[in-house]
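Undergrad: Following this message is one structure expressed as structure tokens.
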Amino acid sequence: MPLALLALAVSAFGIGTTEFVMMGLLPNVADDLGTSVPTAGHLVSAYAIGVVIGAPLLTALGSRVPRKKMLLLLMALFVVGNLASALAPGFGWLVAGRVLAGLPHGAFFGVGAVVAARLVAEGRQARAVATMFLGLTVANILGVPAATLLGQHLGWRSTFLVVTVIGLLAMAALARLVPYVPVDERQSLGREVRALGRPQVLLGLLTAVFGFAGVFAVYSYLASMTTEVMGFGEFSVTLVLALFGIGMTAGALAAGPLTDRALRPTLYGSLGALALVLVAFRFTIHVPWLALVTVVVLGAVGFMTTTPLQMLVMNKAKDAPTLASASNHSAFNLANAGGAWAGGAAVAAGWGWTSPTLVGAVLAVVGLAIAAVAGLLDRPRTDEGASRVVAGSAPGSSTVERAVSGSGTPASGS
């Protein structure tokens, strides 16, 4: 594994920690700032809104910036946003800090995914992207539980100060380990925008918006479910979040090779499994040990959707994948915001803390339906049983698309 992938994973660890830690801190922030948990849930949406705005905007502004420099600039903005969150004097300022911290998220993963794909041999691109995403999953095993525990003992502001330090360490790793990766001379903003407008790219983004929202409808309120329904104490929240992170890591490890082997079946299977697990959670949540097992499985099937969705939009954008890749993270965070809102609305309506599970199941089914329609529309033109190479095999090479089927036979066009 190239060491540059490790630097990308460290950066993803910091980003994942600040993105997901708010779920565990919602009760603490709500108490400290004098608001309700559903209202504090808007802080989850605020970060997501930052991602949605920042992904296309910053990717467009940096379209001609060398990739390594772009990654460093984006991580610097991430550091500033988290420092602003730590120093926020009130709820409104904290919302603004969360938006600022979210701005570089999508652009970073968009550029990072393309860089990762260029660092490995063909046929291993999904594994490379999944390796970068491992930083997100490890964040949920170590970063989020530890940061949540820190916030519970020393106050939520200390959490964001620690994330600021993680961001600085990530910048050092990027500067030291990522090689110079020039911008493809043929790349232009107009070309990227045209690629983003392709129907299969848009359908892939829409799948992410609805399908992944099913995860966040539940995950956003997992801390409250732990104490209010499962019957565990406040300090058990860190254990439950860690179990979810273990599931995410297992899902990410499985998603890479499965996506390289069979992209669409992996996507269909993970979305279908997500819907079923969410329905099951509605019942298992009342039995503590079954609830914990379900949390692990939920993390696994939920995160297994990310790699095939990422590779799908990059493949369909063909030789201009950066904006599409970044926009996919806008889609993920629209899912984040929409899922948190939908789950919170169900709770606020008096349907109980278990209601987000059924809301999430419905969203996952909608995502699966969109993915199935996209697959049917695509079937006459291509066999998606293969992962595509979306970038040159080495830094500086031209951006091309190659396809290798699971049997070793070149697949048809995209």
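The values are calculated or read from the model by the stated rules, or taken from the named source; none is laboratory data. All figures in this text were calculated on a predicted structure; none of them were measured in a lab. Neighbour counts are summed over all protein chains in view; Cβ atoms, including those assigned to glycine, are modelled from backbone coordinates with ideal geometry. Ligands, DNA and RNA are stripped out before the accessible areas are found, and what is left, the full protein with its side chains, is counted by its heavy atoms. Shrake-Rupley method; radii C 1.70, N 1.55, O 1.52, S 1.80 Å.
Undergrad: Place +1 on the Cβ of every Lys and Arg and -1 on the Cβ of every Asp and Glu in the chain, take the dipole about the Cα centre, and give the residue among Gly41, Met70, Val10 whose Cα lies farthest towards its positive end.
TA: Final value for the positive-end residue is Met70.
Undergrad: Okay, moving on. Please state the relative contact order of the chain as a whole percent: Cα pairs under 8 Å, 6+ residues apart? Walk me through the intermediate numbers first.
TA: Details: 905 pairs, mean separation 106.1, N = 414.
Result for the chain is 26 percent.
Undergrad: Expected output is a single nm value to one decimal: the length gained when fully extending between Phe283 and Thr39, i.e. 0.36 nm times separation in residues minus the C-alpha distance. What is it? Mind showing how you got there, number by number?
TA: On the way: separation 244, 0.36 × 244 = 87.84 nm, distance 2.65 nm.
Stretched out fully, the Phe283 to Thr39 stretch lengthens by 85.2 nm.
Undergrad: Can you tell me the orientation of helix 355-378 relative to the chain, as the angle in degrees between its alpha-carbon axis and the longest Cα principal axis, to the nearest 10?
TA: 10
Undergrad: How high is the relative contact order of region 274-377? Use alpha-carbon pairs under 8 Å, at least six apart in sequence, and give a whole percent. Write out the running numbers ahead of the final one.
TA: Working: 66 pairs, mean separation 34.6, N = 104.
Worked out over region 274-377, it gives 33 percent.
Undergrad: How much of Tyr221 can a 1.4 Å solvent probe reach, expressed as accessible area in Å² and rounded to 10?
TA: Approximately 10 Å² of Tyr221 is accessible to the 1.4 Å probe.
Undergrad: Could you derive backbone 3J(HN,Hα) for region 44-53 from the dihedral phi with the Karplus parameters 6.51, -1.76 and 1.60 (θ = phi - 60°), listing whole Hz in sequence and x where the residue is Gly or Pro?
TA: Karplus-based 3J(HN,Hα) across region 44-53 equals 5, 5, 4, 4, 4, 4, x, 5, 4, 6 Hz.
Undergrad: Then there is this: For mean projected area of the Cα convex hull in nm², which listed value, (i) 28.7; (ii) 19.6; (iii) 17.3, comes from the coordinates shown?
TA: Here mean projected area of the Cα convex hull in nm² agrees with entry (iii).
Undergrad: By how many degrees, 0 to 90 and rounded to 10, does the Cα axis of helix 199-211 deviate from the longest principal axis of the chain?
TA: The angle comes out at about 20 degrees.
Undergrad: Could you give the length gained on full extension between Glu228 and Trp351, defined as 0.36 nm per residue of separation minus the Cα-Cα distance, in nm? Could the numbers behind the result be given before it?
TA: Numbers: separation 123, 0.36 × 123 = 44.28 nm, distance 1.35 nm.
Length difference between fully extended and current span is 42.9 nm.
Undergrad: With just the Cα atoms defining each centre, how far is region 52-106 from region 230-251? Give it in Å.
TA: 28
Undergrad: Sticking with the crude label model, points 7 Å out along Cα→Cβ, report the distance from Ile53 to Leu239 in nm, one decimal please.
TA: 4.1
Undergrad: A further question follows. With label points built 7 Å along Cα→Cβ from the Cα atoms of Leu276 and Leu168, find their separation and express it in nm.
TA: Between Leu276 and Leu168, the label points sit 4.9 nm apart.
Undergrad: Ok, one more. Size of the dipole of the chain about the Cα centre, Lys and Arg at +1 and Asp and Glu at -1 on the beta carbon, nothing else charged, in debye to 20?
TA: Dipole magnitude for the chain comes out near 1020 debye.
Undergrad: GNM on the chain, C-alpha springs below 10 Å: top fluctuator among Leu239, Leu61, Leu161?
TA: Looking only at Leu239, Leu61, Leu161, the largest GNM fluctuation is found for Leu61.
Undergrad: Stretch Ala175-Leu142 to full length: gain in nm at 0.36 nm per residue minus the Cα-Cα span? Don't skip to the end; give the middle numbers.
TA: Numbers: separation 33, 0.36 × 33 = 11.88 nm, distance 2.41 nm.
Answer, rounded to one decimal: 9.5 nm.
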